[in-house]
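Shown next, in structure tokens, is the structure this report addresses.
The values are calculated or read from the model by the stated rules, or taken from the named source; none is laboratory data. Because the structure is predicted, anything quoted here is derived from the model rather than measured. So basically every Cβ, Gly included, is an ideal-geometry build from the backbone, and we count neighbours across all protein chains shown.
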Amino acid sequence: MENIGFQSSEPLNFETLRDFVEYVHSKLKETNILSQRYRFVADVVKVKPYNGALYITVSQEGTDGKKFELTVIVWKHLLKGIMSYLYSFGVRDIYDLEHKKWEFQGRLSFYPDRFQFSFWADSIAPQGESDILKRRQRIREELRRQGLLMEVTHELSELEPIRLIAVITSKTAQGYFDFLSNLLVPDVYRPVIHLYESSMQGVSTAQEVIAALNRIELFCRTNNVRYDVIAIIRGGGGPSDLMFFDDLELAVRIAYMNKYIPVLTGIGHEKDETVADYVAWRRFPTPTAVAKEISNQLKGYIDDMEQSYRELSQKVSAVVGVTEAKIQSGIFNVLSDAFKNNVSISIRDIKEYARYLISKVSLSELESRISFDFVNNVSRKLDSKFSELEQLIANSLHAMSKDLSVNIERKTSELKSFENISAVMDKNYLSFYNKTEQMKMELESIGEPLKALAVGGALITKSGEIVNSVKQIRSEDVIKINFVDGQVTSKVI
């Protein structure tokens, strides 16, 4: 916290009291005194309702016996919510606050016209953690009775790749920055994040988170899209900070939202626990843990996709290689083997026949026994043998042709089988590639109009439709200019 100091010992002169008060007020604004949240514990001495607000006098005695007293104001629009919380701690009436010790949270306010500070409280909690735990346990038992407790521990691997996330938190919360900085995936796979702002502390927390869930569902049904997950995140805090997530109505809303979109919670520190965690689809100890697990889920899918591509590529290469080898060597080997086999048989038969002729006929015998009958007999035998040889060659050629036909038919069938496998694998790869491209196009189409908001620009809509060109706008048209922190309605002149 900054100190308000004067740089000179010379007095500052003001012509009027108003100038002096406004100067002090301006100096206060230069510090974080009025914007800082404060927490303290004190005894309630007296409560007094006035114009719908509640004025609480608190007191505390120091070790030196000096007593400090302060008036705490609860604004009327917060009083009902605070009392509904305190009801579960046995507070049935505002006067039940008196003569007990309570923890107060809120901000300082400065009234220039009275030159006076006041403390505006947005949270009153019982002093001590036991009462908060007892209340949380009662809500848990009621959720168990209604069958709304999440009894199963889910894993993000059960979900499709997370591409679109709705985050419920405060845009200035440290937990939100922790979430964004730990979402570590390549930019091409980085999910689109839509922030639904909500208070993450104080009595309005539960109702604002419920309102954010309602806005999310309305957006999805209106635009025919669906978030992959909803993340409710908040950084750490004391028991009195987190007790506002111990809300039965909020827990019921989260439980029913899980049937439409899984709700993830990352509230507090490692050891913290809230009722919202009991009904979440998956509970994480911190916002950082939520982001890291989403990153791990996406990395797992990316690794699986790359591994599948490598395996597919290897299988296709193997099939192509085998097919080429079959084509190049298979038929040639069959033809060559069949031809060699039949030629070998023919040569063997010819050699055997030649040996037979040599053993049966010699030149000396021809010279001594030559006669017309002998010549005719030899001629007939030669004709018979040549007929046998001719038949043998014909049979060999027929066998060769038959072997070739059978082997060619078998190899052709194998080739067709490989072609079918290759076609199926090509089809699966093409389908996988198309799905990946479609996912990328969907991601870009959903996030494209919102890029302008991310860089400080604006998104113009007319009658609920995004305006992409000046040609879509006519004079007297009513348009809405949407910024990241709100919208402005304008009329075209």
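Assess whether residue 318 counts as being in a helix (DSSP H, G or I), more than 18 Å from residue 207 (Cβ to Cβ) and among the aliphatic types (A, V, I, L, M). Show your work before the answer.
Values: in a helix (DSSP H, G or I): yes; more than 18 Å from residue 207 (Cβ to Cβ): yes; among the aliphatic types (A, V, I, L, M): yes.
Criteria met by residue 318.
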### Task
Answer yes if at least one residue in segment 164-176 is among the β-branched types (Val, Ile, Thr) and farther than 30 Å from residue 186 by Cα, and no otherwise.
no
### Query
What are the residues in segment 445-493 that are modelled with pLDDT of 75 or more and of a type in the set (Lys, Arg), if any?
462, 471, 474, 480, 491
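Okay, residues lined up against (1) among the small types (Gly, Ala, Ser); (2) under 26 Å from residue 208 (Cβ atoms):
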position: 159; (1), (2): no, no
position: 162; (1), (2): no, yes
position: 168; (1), (2): no, yes
position: 173; (1), (2): yes, yes
position: 180; (1), (2): no, yes
position: 187; (1), (2): no, no
position: 192; (1), (2): no, yes
### Message
For segment 188-220, which positions are within 20 Å of the chain's Cα centre (by Cα), of a type in the set (Ser, Thr, Tyr) and modelled with pLDDT of 90 or more?
### Response
196
### Message
Here is a check on your reading of the model: is residue 114 within 43 Å of the chain's Cα centre (by Cα), among the charged types (D, E, K, R) and over 30 Å from residue 278 (Cβ atoms)?
### Response
no
### Message
Step by step: first the residues of segment 1-46, then only those that are assigned to a loop (DSSP other than H, G, I, E, B) and among the hydroxyl-bearing types (Ser, Thr, Tyr), then the one that is modelled with the lowest pLDDT. Which residue is that?
### Response
8
### Query
Can you name every residue in segment 470-493 that is assigned to a strand (DSSP E or B) and over 18 Å from residue 197 (Cα atoms)?
478, 479, 480, 481, 489, 490, 491
### Query
In this structure, is residue 124 assigned to a helix (DSSP H, G or I) and hydrophobic (A, V, I, L, M, F, W, C)?
no
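Is it the case that some residue within segment 290-300 is in contact with a strand residue (DSSP E or B) (Cβ under 6 Å, 6 or more places away or on another chain) and either modelled with pLDDT of 75 or more or among the aliphatic types (A, V, I, L, M) (or both)?
Yes, because at least one residue in segment 290-300 is in contact with a strand residue (DSSP E or B) (Cβ under 6 Å, 6 or more places away or on another chain) and either modelled with pLDDT of 75 or more or among the aliphatic types (A, V, I, L, M) (or both).
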#### Entry: Out of 112, 49, sole residue that is at pLDDT 90 or above, on the phi < 0 side of the Ramachandran plot and not assigned by TED's automatic domain parsing to the domain that holds residue 245
49
### Query
Just for helices (runs of 4 or more DSSP H) wholly inside segment 153-249: which have at least 3 residues that are under 24 Å from residue 40 (Cβ atoms)?
239-242
### Message
Give all pairs with beta carbons closer than 7 Å in which a residue from segment 270-287 that is closer than 20 Å to residue 206 by Cβ meets a residue that is of a type in the set (D, E, K, R) and part of a helix (DSSP H, G or I); count only pairs at least 6 apart in sequence or on separate chains.
### Response
275/136; 275/140; 278/140; 283/277; 284/293; 287/178
### Message
Which of the numbered conditions does residue 68 fail, given that it passes all the others? Conditions: (1) surrounded by fewer than 13 Cβ atoms within 10 Å (Cβ to Cβ); (2) assigned to a loop (DSSP other than H, G, I, E, B).
### Response
(2)
### Query
In this structure, is residue 291 among the hydrophobic types (A, V, I, L, M, F, W, C), more than 24 Å from residue 81 (Cβ to Cβ) and touching a helix residue (DSSP H, G or I) at 6+ places or on another chain (Cβ under 7 Å)?
yes
### Query
(1) modelled with pLDDT of 95 or more; (2) hydroxyl-bearing (Ser, Thr, Tyr); (3) within 21 Å of residue 133 (Cα to Cα): which one isn't true of residue 240, the others all being true?
(1)
### First in segment 310-322 and at pLDDT 75 or above, second anywhere and of a type in the set (Gly, Ala, Ser) and in a helix (DSSP H, G or I), Cβ under 7 Å, 6 or more apart
316/422
### Message
Looking only at segment 73-111, filter to residues that are over 18 Å from residue 201 (Cα atoms) and in a strand (DSSP E or B); which one of those is nearest to the chain's Cα centre (by Cα)?
### Response
109
